1. Being more than 16 Å from Gly87 (Cα to Cα), modelled with pLDDT of 95 or more and in a helix (DSSP H, G or I) narrows it down to one residue among Ala45, Ala13; which is it?
2. Using beta carbons and a limit of 6 Å, which pairs, at least six apart or on different chains, have the first residue in region 193-208 and closer than 14 Å to Met245 by Cα and the second one at pLDDT below 95 and among the hydroxyl-bearing types (Ser, Thr, Tyr)?
3. If you take the residues in region 93-120 that are over 19 Å from Ile168 (Cα atoms) and of a type outside the set (Gly, Ala, Ser), which one is surrounded by the fewest Cβ atoms within 10 Å (Cβ to Cβ)?
4. Could you please tell me which pairs satisfy a Cβ distance under 8 Å, a separation of 6+ or placement on different chains, a first residue in region 167-186 that is in a strand (DSSP E or B), and a second residue that is surrounded by fewer than 17 Cβ atoms within 10 Å (Cβ to Cβ)?
5. For region 1-55, what are the residues that are out of contact with any strand residue (DSSP E or B) (no Cβ under 9 Å at 6 or more places or on another chain), in contact (Cβ under 8 Å) with a residue 60 or more places away in the chain and more than 15 Å from ligand 1 (Cβ to nearest atom)?
6. What number of residues within region 158-184 are over 16 Å from Ala109 (Cβ atoms) and away from ligand 2 (no atom under 16 Å from the Cβ)?
7. Tally up the residues in region 310-329 that are assigned to a loop (DSSP other than H, G, I, E, B) and either of a type in the set (Val, Ile, Thr) or crowded, with 18+ Cβ neighbours inside 10 Å (or both), please.
8. Quick check on region 286-309: of everything there that is within 13 Å of Ile81 (Cβ to Cβ) and of a type in the set (Lys, Arg), which residue is surrounded by the most Cβ atoms within 10 Å (Cβ to Cβ)?
Amino acid sequence: MDRVEVDLKQEIARLKRERDAVILAHNYQLPEVQDVADFIGDSLALSQKAASTDAKVIVFCGVHFMAETASIICPDKRVLIPDLEAGCSLASTITVEQLRAWKKEHPDAVTVCYINTSADVKAECDYCCTSSNAVKVVKSIPEDKPVLFLPDMFLGAYVAEVTKRKNIYIWPGECHVHAGIRPSLVLEMLKTYRDAEFLIHPECGCTTSMVYYFGNGNGNGCVVNGNGNGNGISCNVKFLSTEGMMKYARQTSAKRLIVATEVGILYRMRKENPDKEFIPISSDAVCKYMKMITLDKVYRSLRDMVYEVKVPEETARRARRAIERMLAIN
Ligand code: 13P
Ligand code: SF4
């Protein structure tokens, strides 16, 4: 660690006390940002943490929709994001106008939005969900009710497969980082690392075929010894949220794990499990938005109290219903 980094970390710690602030960081954040965080987790854990903190200020080291979610849940707190440009390619695949038009085509449907959506979109939905509870949320909806699931098509296809639901309509959105993790890449790695366990985020472009080849992994970390049609490859594949991956990495006896999600998660995985080997499925799986949050920007965020993320009251009220319904199911 160089001198500048040490000084910045000390200054951040001082300002945090002075401002009565808490730093929440997503699992994909840069290592040095994770180091100054009070709490690191996936979208669900971060929203739960935001809901339970006593701090007056939340510095959200993640992308914009996550900071918006914290602001919706905690309207009395000041929620800051160190860079307003930290967006999400998946959240941008659907606008509120597109959603309204889609709902008109299916007036009886229950709408379930992934947390990777803008506050406007959440406000139009019945339920919110994250990758760790999407299956649970959809299962809680009466079977005769059609479901509109948005905006991730790979997560949507995964949920449809696990729940065996036929009346689920899926928005054709994708995340540019995870969509690039294709079945051919995973099959290649499966052949190369036959002794490894595979952790796959359900946003990945390979999810649909992998579920077909190897079973659904029950979405809760259970090991599937599949051989299906996966070109004769027998392997252990699990579909998990980023925090699900973290938990699984701790509890498994496997010594080698292949990780199919954004590479930022490897820092924490390696730190918490020094006796295990973690191999990224692709070193190109980098979310440029997550990496916009640097240590320097976290420092400036606390120093200048920028950039505040505030959702208009009426939008927040409606979006909160969808989020609270999700938290209640969880
Ligand atoms: P998690 O909720 O699994 O952390 O996923 C959030 C995300 O943006 C994945 O790309
Ligand atoms: Fe959005 Fe994809 Fe980045 Fe996750 S990895 S924040 S879904 S762009």
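1. Numbers: Ala45 fails: modelled with pLDDT of 95 or more.
Of the residues listed, the single one that is more than 16 Å from Gly87 (Cα to Cα), modelled with pLDDT of 95 or more and in a helix (DSSP H, G or I) is Ala13.
2. The qualifying pairs are Pro202/Ser131; Pro202/Tyr158.
3. Only one residue tops the list, namely Glu97.
4. Note: pairs meeting the criteria are Ile168/Pro146; Tyr169/His106; Tyr169/Pro146.
5. If the condition is that a residue be out of contact with any strand residue (DSSP E or B) (no Cβ under 9 Å at 6 or more places or on another chain), in contact (Cβ under 8 Å) with a residue 60 or more places away in the chain and more than 15 Å from ligand 1 (Cβ to nearest atom), then Glu5, Leu8, Lys9, Glu11, Pro31, Glu32, Ala51 are the ones that fit.
6. Let us first name the residues in region 158-184 that are over 16 Å from Ala109 (Cβ atoms), namely 158, 161-162, 164, 172-184.
Subsequent filtering for residues that are away from ligand 2 (no atom under 16 Å from the Cβ) retains 161-162, 164, 183-184.
Adding up the residues that qualify gives 5.
7. 1
8. Step one: filter region 286-309 for residues within 13 Å of Ile81 (Cβ to Cβ), giving 289-290, 292-294, 297-298, 300-302, 304-309.
When the remaining residues are screened for being of a type in the set (Lys, Arg), the result is 297, 300.
Details: Lys297: 19, Arg300: 17.
Once the filter is applied, the top-ranked residue is Lys297.
The values are calculated or read from the model by the stated rules, or taken from the named source; none is laboratory data. What you are looking at is a predicted structure, and each value in this text was computed from that prediction instead of being measured. Using ideal geometry, Cβ is built from the backbone for each residue, glycine included, and neighbour counts are taken over all protein chains shown.
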